[in-house]
Amino acid sequence: MNTMLNEMRWAVSDTAVMTWRNVLRYRRSPDLLIFSTIQPVMFVLLFVYVFGGAIRSGGLNYVDFLLPGILVQTTLFGSTQTGVGLAEDLQKGMIDRYKSLPMARLAVVAGRIFSDVIRNVFVVMLMIGVGLAIGFRFQGGITGFALPGVVVLFGFAFSWMMAMSGVSAKSVEASQAFSFMFIFPVTFLSSTFVPVETMPGWLQPVAEYNPVTAAVNTARSLAHGGEVWGWMWRMLAWTLGILVVFVPLTVTRYRKV
Amino acid sequence: MSLEVEKGTVLGLLGPNGAGKTTLVRILTTLLMPDAGRATVMGYDVVKQAAELRSVIGLAGQSAAVDDYLTGRENLEMVGRLYRMGRRESRKRAAELLEQFSLTEAGDRRTSTYSGGMRRRLDLSLSLVAKPPTLFLDEPTTGLDPRSRIDLWNVIRGLVDDGATVLLTTQYMEEADRLADNIVVIDLGGIIAQGTAAELKATAGNENLTIQLVHRSQFSEAVEALERSGCGRPQGEPETGRITVMVSDGSAALGRVVREFDTASIQFSDLSLKEPTLDDVFLALTGRTAEIAEAESQVDAQV
């Protein structure tokens with residue numbers, strides 16, 4: 001029992017070291033920082049000013065409607081970086097170094113994911129700032145404070161899913177291509193950018209049961225009031241389900257690399 | 001297959017690409033699970049006691065595994081922390097190793113700015129962070145320029161003098177010759193010869209006598225003179241005026257050849273007696289040269 005506790009303590013310490021390494025990596029690669037900050041900001045501006053006038057957003061200003069959704073979209077797009085980063089580490093042979101060390105196996109993947117959580121917190125805050133500057137306002141009062149936490153939590157679950165693609169892919173490019181092929185439809189086929197009711201009838205159920213819709217609607221109702229729990233428990237169930245499936249799957253897969 | 005490396009010595013594992021050197025090293029360092037059979041290193045089972053084994057070995061691989069986003073010092077400190085050394089201890093050890101490998105000056109630069117030789121030195125130093133008693137060096141100088149190669153050889157020699165036990169794989173005969181106390185030649189997954197460099201060379205037999213003629217027109221006279229002097233069968237090309245002959249009695253043969261050439265007034269610009277190289281050994285053992293074997297294995301890999 002004692003050795004197990006000791007092992008867990010070391011796993012936490014190893015994960016902290018790997019998180020630090022990956023945060024440094026972000027700070028030192030301008031292209032990654034630009035990808036993860038300028039791109040989402042650009043999305044907000046393009047959607048608000050280009051599509052905003054043409055989208056019926058059910059009683060809310062489009063910027064108010066869009067921002068909670070685009071926060072979710074940003075963390076999901078960001079989660080592809082988890083997979084790509086892991087694939088890159090695997091390809092560069094650094095993984096052989098890690099594997100020859102007496103460190104916790106989980107730490108390489110977990111450190112990568114926690115650094116992405118840190119980045120997501122930063123990016124979400126930045127985007128709320130940009131939103132506020134172009135007219136976004138919280139309509140729902142105090143629950144708005146829970147918004148960043150919910151968005152980051154959901155992104156955390158998706159990072160594990162993408163980590164699985166990263167440790168399974170044969171190359172960085174393959175991981176990238178696969179992630180986007182998955183993330184794009186799953187993000188767009190949801191209530192992220194438009195109300196589900198405006199989609200064709202046959203498509204509505206798909207969007208309705210999409211986990212992204214659960215997350216976006218949770219975020220939206222936290223920001224502006226309305227039915228929170230109905231969406232929140234669905235989002236939490238998805239989050240838990242994804243973690244239960246993908247954490248063991250990814251770690252097992254990584255061991256075999 | 002059993003490999004024995006005496007403490008404080010270097011065992012050179014020699015063989016062409018595709019012979020199974022890297023696979024063997026990857027299994028012995030727990031990077032790869034053996035498909036069948038079992039392996040132990042220093043008494044530790046590579047599968048069942050992988051964790052214990054990892055803390056007593058160091059590995060420097062073929063492709064220098066250093067983190068490009070970090071500085072040399074950060075690389076060393078990170079690995080120290082992952083060996084579960086304290087923060088302060090990791091920092092101290094990093095400084096020591098930078099000093100030992102002449103990287104102090106470059107220590108705070110990102111490793112993406114390092115030269116090939118510097119990366120290999122850092123890679124090697126990373127494998128030494130926890131002062132492991134046993135080191136696995138998998139083709140440590142592949143792809144380096146001659147100057148960096150010699151630098152690295154000196155570093156490795158120094159480590160061994162300080163008591164490290166090393167398993168070195170290489171395709172360079174010269175490298176094994178310089179560094180290894182004992183050599184095992186493997187090919188097609190099995191051991192085909194072992195011994196010291198001198199012992200292996202002795203199995204290849206005789207010394208080579210090489211003569212460079214001044215006048216190519218004297219080629220056939222020279223061949224006749226060599227046959228008269230009781231050497232082996234001369235081999236050479238009339239176009240280059242260069243002849244090689246195997247001799248069993250070294251310097252005595254040298255004297256006879258010089259006298260025969262004098263009598264026949266054949267002029268030569270160079271006459272040299274050479275010990276067989278490990279390349280000759282490899283050729284004698286496998287019937288192929290290391291380069292040809294390598295080319296073959298590359299063709300196989302493409303098919």
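Some observations on this one:
- Restricting the calculation to Cα atoms, the range A:2-256 shows an Rg/Rh of 0.99 when the hydrodynamic-style radius is the Kirkwood one.
- Between B and A, accessible area buried - total, square angstrom, nearest 100, 1.4 angstrom probe: 2500 Å²
- The range B:207-240 and the range A:109-185: distance between their alpha carbon centers, rounded to Å: 77 Å
- For B:GLU89, solvent-accessible area (1.4 Å; no DNA, RNA or ligand), Å²: 110 Å²
- On Cα atoms only, tilt of B:72-82 relative to the major axis of chain B in degrees: 60 degrees
- Rounded Å value of the spacing that divides the Cα centres of the range B:143-202 and the range A:196-257: 58 Å
- Computed E for B:LEU3/A:LEU243 - FRET, C-beta separation, R0 41 angstrom, nearest 0.05: 0.40
- Between B:THR244 and B:LEU273, the simple label model (points 7 Å from Cα in the Cβ direction) yields a spacing of 1.8 nm.
- For the set B:GLU52, A:GLU88, A:GLU173, solvent exposure ranked by accessible area (probe 1.4 Å, protein chains only) runs largest to smallest as A:GLU173, B:GLU52, A:GLU88.
- Each of A:TRP229, A:TRP20 has its accessible area taken with a 1.4 Å probe; listed largest first, they run A:TRP229, A:TRP20.
- Only lysines eight or more places from B:LYS274 in sequence, or on another chain, were considered; those with a Cα closer than 19 Å are B:LYS201.
- Candidate residues A:LEU24, B:LEU273: accessible-area rank, largest first, probe 1.4 Å: B:LEU273, A:LEU24
- Principal axis box of the range B:159-261, alpha-carbon based, largest edge first, Å: 55, 27, 25
- Straight Cα distances below 15 angstrom link B:LYS7 to the aspartates and glutamates B:ASP161, B:ASP162, B:ASP181, with same-chain residues fewer than 8 positions distant left out.
- With N counted as the residues of the range A:88-238, its alpha-carbon radius of gyration over 2.2 N^0.38 Å works out to 1.23.
- Compared with the dominant Cα axis of chain B, that is its longest principal axis, helix B:116-126 is turned about 50°.
- Applying both filters, DSSP loop and at most 12 other Cβ atoms within 10 Å, to the trypsin sites (Lys or Arg not before Pro) of the range A:1-108 gives A:ARG56.
- Karplus (6.51, -1.76, 1.60) ³J(HN,Hα), θ = phi - 60°, over the range B:42-54, in Hz, Gly and Pro reported as x: 6, x, 8, 6, 5, 9, 6, 10, 4, 4, 5, 4, 4
- Column: log10 I(q)/I(0), Debye, Cα scatterers of chain B, q = 0.15 Å⁻¹: -1.13
- Take the Cβ atoms of A:GLN204 and A:ALA54, set R0 to 22 Å, and the FRET efficiency comes out at 0.65.
- In Å², nearest 10: area of A:VAL50 left accessible to a 1.4 Å probe: 90 Å²
- Length gained on full extension, B:GLU89 to B:GLU237, computed as 0.36 nm times the residue gap minus the Cα-Cα distance: 46.9 nm.
- Alpha carbon centroid spacing (whole Å) that separates the range B:32-65 from the range A:1-79: 38 Å
- Helix axis angle, A:30-46 relative to chain A longest principal axis, alpha carbon, degrees: 10 degrees
- Rounded accessible area of B:THR111 (nearest 10 Å², 1.4 Å probe): 0 Å²
- Reachable lysines, given that their alpha-carbon falls under 17 Å from the alpha-carbon of A:LYS99 and they are not under 8 places away in the same chain: A:LYS256, B:LYS48
- Note on the range B:34-148: Kirkwood radius taken over Cα pairs, Stokes-Einstein applied at 4 °C and 1.567 mPa s, translational D equal to 87 µm² s⁻¹.
- Net charge dipole, the range B:42-99: roughly 280 debye, given to the nearest 20, about the Cα centre with Cβ charges of +1 for Lys and Arg and -1 for Asp and Glu.
- If the segment from B:ALA51 to B:ILE192 were pulled out straight at 0.36 nm per residue, it would be longer than the present Cα-Cα gap by 47.6 nm.
- Paired Rg and Dmax values of the range B:206-275, which use every Cα atom, in angstrom: 10.5, 29
- Charge tally in the Cβ shell below 14 Å around B:ALA176, where Lys, Arg are +1 and Asp, Glu are -1, B:ALA176 excluded: -4
- Along its first, second and third principal axes, ordered by size, the protein assembly as shown spans 114, 57, 47 Å in Cα coordinates.
- For the range B:105-171, the Stokes-Einstein estimate of translational diffusion at 25 °C and a viscosity of 0.890 mPa s comes to 194 µm²/s, using the Kirkwood hydrodynamic radius over alpha-carbon pairs.
The values are calculated or read from the model by the stated rules, or taken from the named source; none is laboratory data. None of these values were measured; they are calculated from a predicted model. Cβ coordinates were reconstructed from backbone atoms using ideal geometry, including for glycine residues, and neighbour counts include every protein chain displayed. These area figures cover heavy atoms from the full protein model, side chains too; ligands, DNA and RNA do not enter into them. Shrake-Rupley method; radii C 1.70, N 1.55, O 1.52, S 1.80 Å.
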